[in-house]
Amino acid sequence: MKLIEINVYKVNMKMKNPFTTSFGTEHDRLFLLVEIKDEAGISGWGECVTSEQPLYIEEFTESSWIMLNKFLIPLIINKEFNHPDELQEIFSVYKRNNLAKSALDAALWDLYAKSKGITLAEALGGTKTSIEVGISLGIEENIDNLLENIRQKTEEGYKRIKVKIKPGKDVEVVKIIRSHFPDIPLMVDANSAYTLNDIDTLKKLDQFNLMMIEQPLTAGDLIDHAKLQKELKTPICLDESIHSYDDARKAIEIGSGRIINLKIARVGGLSQAKRIHDLCEQAGIPMWCGGMLESGIGRAHNIAITSLANFTLPGDTASSSRYWHKDIIEPEVVAVNGSLELPTKPGIGYDVNREEVRKHTIEVRTFN
């Protein structure tokens, strides 16, 4: 595969519903799309799932725009590749910036699978034909609104409900949820909103039979999570603490948590995601695929990686209609009774609606 053209699209899409976490509320998504073309005219697509501000991690949309255009793309334009794994060594010269690296990695994997005439899931070694999915619900000021959302999503068949929490919106919220929904698969996500000083509060969550508490402590921390996990019955799930294979290896070794939420972008792409999957499978650490409010392109990559065997817990890859008035892929992602059928067309398995991409694009940069 010779990469003869690379396009970077800066895209702004209005979300169907505001989404609130401990970081704040998002109404719009300002993110990047990457399109790679080879000499045969095949296009591979990737998504840089940044936010406008560096709240989740240090990267944000404008920094990734610079990283892609000034540093990463010049390394690979007009280069020949036999396999997407080759990007890892090339990009290693630059530290972190995993979200930007992941966008190109994902696009090259899509291109590679299409050039082979196979699905992205098959290219990654996935074997599932369908996957189970859950839903992620933001923090609500009105508890009745949250209960109604849970009721609706449970009736739609989602296999797991995730609720965002933060100090002051935690134990009492979960208590009320459990009083109305005593048996649903339920987890909470703190997005690093707590410290070890909050251990008594976090221990109170043990009474509610939660699947897990996701990332309660500081992003990147492994040691304090290990201390906390020893005090909790509920499994800790690591998210923002896992940025690489080595992070996952160390977390497993010292017992920082019992579950890992893998986000493709956070670890730098599908090649790294597959290595982490294999490590966790060998160590008996269950996994699930987290969401970053992706458009359909990023969502398609999530579906493909979840086809690997050790993604045993429902992920965050809900239907497109949960987030967007109209997605930028055809057909849109549709969950039926909490399950998604894997697409069977080569590559990501969905067609990119170029007109929808154009409608939301505010800037384009082309390399050839």
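The values are calculated or read from the model by the stated rules, or taken from the named source; none is laboratory data. Everything numeric in this text was worked out from a predicted model, so none of it was measured. Virtual Cβ from ideal backbone geometry, glycine too; neighbours counted across all protein chains shown. The protein model used for the area step is the full one, side chains on, heavy atoms only, and it has no ligands, DNA or RNA in it. Shrake-Rupley method; radii C 1.70, N 1.55, O 1.52, S 1.80 Å.
May I ask you to list the residues in region 279-297 that are assigned to a helix (DSSP H, G or I) and open to solvent by 10 Å² or more (accessible area, probe 1.4 Å)? Within region 279-297, 279, 281, 282, 283 meet the criteria. Against the criterion of being modelled with pLDDT of 95 or more, under 17 Å from the mean Cα position of the chain (by Cα) and either surrounded by fewer than 20 Cβ atoms within 10 Å (Cβ to Cβ) or part of a helix (DSSP H, G or I) (or both), residue 300 qualifies. Only one of the listed residues (103, 123) is closer than 20 Å to residue 296 by Cα, assigned to a helix (DSSP H, G or I) and within 16 Å of the chain's Cα centre (by Cα). That residue is 103.
Return the residues of region 302-351 that are farther than 23 Å from residue 237 by Cβ, of a type in the set (D, E, K, R) and touching a residue at least 60 places away in the same chain (Cβ under 8 Å); say none if nothing qualifies. The answer is 341, 345.
Applying a threshold of 7 Å to beta carbon distances and a minimum spacing of six or more residues, or different chains, the list of pairs starting in region 263-285 at a residue that is more than 21 Å from residue 297 (Cα to Cα) and ending at one that is surrounded by fewer than 24 Cβ atoms within 10 Å (Cβ to Cβ) and modelled with pLDDT under 95 is empty.
Here are some residues: 20, 25, 50. Which one is among the β-branched types (Val, Ile, Thr), under 23 Å from residue 73 (Cα atoms) and either at pLDDT below 95 or not in a strand (DSSP E or B) (or both)? Result: 50 is the single residue among 20, 25, 50 that is among the β-branched types (Val, Ile, Thr), under 23 Å from residue 73 (Cα atoms) and either at pLDDT below 95 or not in a strand (DSSP E or B) (or both).
Got at least one residue in region 217-233 being among the hydrophobic types (A, V, I, L, M, F, W, C), in contact with a Gly (Cβ under 6 Å, 6 or more places away or on another chain) and closer than 28 Å to residue 169 by Cα? Within region 217-233, one or more residues are among the hydrophobic types (A, V, I, L, M, F, W, C), in contact with a Gly (Cβ under 6 Å, 6 or more places away or on another chain) and closer than 28 Å to residue 169 by Cα.
Per the listing 78, 82, the residue uniquely in contact with a strand residue (DSSP E or B) (Cβ under 8 Å, 6 or more places away or on another chain), of a type in the set (S, T, N, Q), modelled with pLDDT of 95 or more and part of a loop (DSSP other than H, G, I, E, B) is 78.
Which residues, counting only those in region 263-278, are of a type in the set (Lys, Arg) and either outside any loop (DSSP other than H, G, I, E, B) or touching a Phe, Trp or Tyr at 6+ places or on another chain (Cβ under 9 Å) (or both)? Across region 263-278, the qualifying residues are 266, 274, 275.
Filter region 55-92 for residues that are farther than 18 Å from residue 367 by Cα and of a type in the set (Phe, Trp, Tyr); which is surrounded by the fewest Cβ atoms within 10 Å (Cβ to Cβ)? Restricting to residues being farther than 18 Å from residue 367 by Cα and of a type in the set (Phe, Trp, Tyr), the top hit is 60. If you filter region 166-188 down to residues that are open to solvent by less than 40 Å² (accessible area, probe 1.4 Å) and over 14 Å from residue 150 (Cβ atoms), you find that the one that is farthest from the chain's Cα centre (by Cα) is 171.
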